[in-house]
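The values are calculated or read from the model by the stated rules, or taken from the named source; none is laboratory data. Remember, predicted model here, so these are calculated numbers, not experimental data. No Cβ is skipped: glycine too gets one built from the backbone with ideal geometry, and neighbour counts run over all protein chains shown. The protein model used for the area step is the full one, side chains on, heavy atoms only, and it has no ligands, DNA or RNA in it. Shrake-Rupley method; radii C 1.70, N 1.55, O 1.52, S 1.80 Å.
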Amino acid sequence: QVQLVESGGGLVQAGGSLRLSCAASGRTFSNYAMGWFRQAPGTEREFVAAVSRNGGGTFYADSAKGRFIISRDNAKNTVFLQMNSLKPEDTAVYYCAARTLLVTMRRNDYDYWGQGTQVTVSS
């Protein structure tokens, strides 16, 4: 089992930036590929970004490319999502997720989820 706790969400104006963090505990963090997903009201949870176990591989949804950066610090058991040039359509609850073995972009491949952090972007 691994426990995940997100932080860093909030209210920001369009064009602004936020940095989300996800702290993991319970098992060896470097054994897990990590992903960020988001869910807006009335929509399905969607993939945003993912990072491989050693941080060497990163993957992004088209909506995040060029604006968001995922990274991890295995010494601190934390994964980050730096979000720049935020848009109102980025408003959602953001979740981090973990899975063993290879990184994927598929929501159903992830075994462990945090409780989410709200991001609201005003126009």
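So, Leu102, is that one open to solvent by 60 Å² or more (accessible area, probe 1.4 Å), of a type in the set (A, V, I, L, M, F, W, C) and at pLDDT below 95 or not? Give the derivation first.
Details: open to solvent by 60 Å² or more (accessible area, probe 1.4 Å): yes; of a type in the set (A, V, I, L, M, F, W, C): yes; at pLDDT below 95: yes.
Taking the combined requirement at face value, the residue satisfies it.
Which one is nearest to the chain's Cα centre (by Cα) among residues in region 25-72 that are farther than 22 Å from Ser85 by Cβ and of a type in the set (S, T, N, Q)?
The selected residue is Ser52.
Filter region 4-28 down to residues that are closer than 20 Å to Ser52 by Cβ and among the hydrophobic types (A, V, I, L, M, F, W, C), then give me how many there are.
Within region 4-28, residues that are closer than 20 Å to Ser52 by Cβ and among the hydrophobic types (A, V, I, L, M, F, W, C) number 5.
In region 73-87, how many residues are more than 9 Å from the chain's Cα centre (by Cα) and within 14 Å of Ala24 (Cα to Cα)?
Going through region 73-87 one residue at a time, the tally reaches 6.
When you check Thr104 against the structure, is it farther than 16 Å from Val5 by Cα, part of a strand (DSSP E or B) and either out of contact with any Ser or Thr (no Cβ under 7 Å at 6 or more places or on another chain) or not acidic (Asp, Glu) (or both), yes or no? It would help to see each step written out before you state the result.
Working: farther than 16 Å from Val5 by Cα: yes; part of a strand (DSSP E or B): no; either out of contact with any Ser or Thr (no Cβ under 7 Å at 6 or more places or on another chain) or not acidic (Asp, Glu) (or both): yes.
So Thr104 fails the test.
Please go through region 9-55 and give me each residue that is under 11 Å from Thr78 (Cβ atoms) and among the small types (Gly, Ala, Ser), ordered by number.
Residues satisfying the conditions are Ser21, Ala23, Ala24, Ser25.
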